[in-house]
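See structure below.
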Amino acid sequence: MATLTLLTEKEISSLEVLKDYGRLISITDLAIASGAYVNNYVTLESDSSLIGRCGTYFTSTFQDPKFIKIVEVTGRIDTSLPNFANICIRPIIKDIKDKEQIFSKCYEKCENVLEVLYQEYPQNLASKEMISMLEEFYQADLLDKTGKVYTFNGCQKNRMYFPVELVSYPEYILEDKKYIRYISQGEYFKFKLSDGKIYHNDEPIWIEVSPIPWLIDIDTEYLISTKGLLSGFRFHDESYKGDFESSEIKQFLNNYMTPQITGKVYQKKLK
């Protein structure tokens with residue numbers, strides 16, 4: 001099973017694919033609804049819609065005595081305290097399995113940049129029509145479950161100072177597409193998602209599970225997510241001294257996000 005990790009500050013500056021593609025990332029509706037800071041006025045050059053809005057993301061790099069390195073919404077590398085929980089997870093896979101099979105499905109994203117769709121994760125809102133149908137079926141207990149779950153931080157206290165409270169959401173299937181019904185925990189109690197509507201915390205949101213787009217760095221054969229997939233997790237508490245492998249964020253990546261993205265694919269439908 002391939003393992004998810006985070007980019008280092010050095011990799012952000014040195015990987016050829018990021019020199020061509022840039023450092024900015026769009027962030028998903030799930031990331032926003034789970035607590036990410038989003039700038040409504042900074043978007044990708046290639047997508048000025050609400051889906052193209054940019055956000056900040058973690059790196060794995062520590063700066064003594066108490067800071068971590070992050071990439072700001074503008075692409076600038078900056079520092080942050082490790083317990084800020086409004087920063088996105090932008091995963092990278094360095095130990096990819098079945099490389100030939102995966103790379104054979106890549107396509108050109110832009111000049112000198114290859115992209116591939118690999119594995120799935122909840123990302124953006126379901127369509128308006130599907131949201132109504134999903135909620136109706138959910139309330140009537142008519143939705144099938146796939147058997148897969150996705151795990152997030154359900155802590156409703158100030159996440160800077162309180163430990164993670166993991167909550168798992170089942171994956172549902174309807175008309176051959178998969179969804180989760182996520183109870184929102186945004187940073188500012190209300191927030192705008194990609195449909196232009198304002199949502200509030202504790203409101204159920206139907207998020208579609210869709211393939212993840214990854215950049216391919218040819219030299220290293222790394223896969224780098226083009227998106228900030230999730231937020232609501234601090235990197236670690238204020239005691240962090242630079243041991244990335246024991247950090248809260250790496251433990252979440254190892255124990256939950258990795259198996260839920262690159263692990264077993266569930267096929268059986270359950271009620």
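Just a few scattered comments:
- Above 20 Å, the calculated P(r) of segment 138-257 contains 57 percent of its Cα-Cα pairs.
- For segment 1-92, the Kirkwood hydrodynamic radius from C-alpha pairs, put into Stokes-Einstein at 37 °C and a viscosity of 0.692 mPa s, yields a diffusion coefficient of 240 µm² per second.
- Percent breakdown of C-alpha pair distances by 5 Å bin, ordered from the shortest bin, for segment 1-157: 1, 7, 13, 17, 20, 17, 11, 8, 4, 2, 0
- Note on the chain: with a GNM built from Cα contacts shorter than 10 Å, the maximum mean-square fluctuation among Phe244, Phe67, Phe162 falls on Phe162.
- GNM result for the chain, Cα springs below 10 Å: residue of Ser34, Ser239, Ser194 fluctuating most strongly: Ser239
- Set of lysines with alpha-carbon distance to Lys148 below 18 Å, sequence-local pairs under 8 removed: Lys177, Lys178, Lys264, Lys268, Lys269, Lys271
- Restricting the calculation to Cα atoms, segment 4-262 yields a radius of gyration followed by a Dmax of 17.7, 54 Å.
- As a length-normalised measure over Cα pairs under 8 Å and 6 or more apart, the relative contact order of the chain settles at 29 percent.
- Straight-distance crosslink candidates among aspartates and glutamates, where the alpha carbon sits under 19 Å from Lys241 and sequence neighbours closer than 8 are dropped: Glu9, Asp64, Asp78
- Under 16 Å of direct C-alpha separation, and excluding same-chain neighbours fewer than eight residues apart, Lys105 reaches these aspartates and glutamates: Glu115, Glu120, Asp217, Glu221.
- Subset of Lys10/Lys99; Lys69/Lys145; Lys66/Lys99 violating a 30 Å alpha-carbon distance limit: Lys69/Lys145; Lys66/Lys99
- Theoretical ellipticity at 222 nm over the chain - DSSP helices of four or more residues, -39500 (n - 2.57) apiece, nearest 500: -4000 deg cm²/dmol
- Among Phe62, Phe137, Phe103, the residue with the largest mean-square fluctuation in a Gaussian network model of the chain, with springs joining Cα atoms closer than 10 Å, is Phe137.
Computed from the coordinates by the stated procedures, all read-outs in this text should not be read as laboratory data. Remember, predicted model here, so these are calculated numbers, not experimental data.
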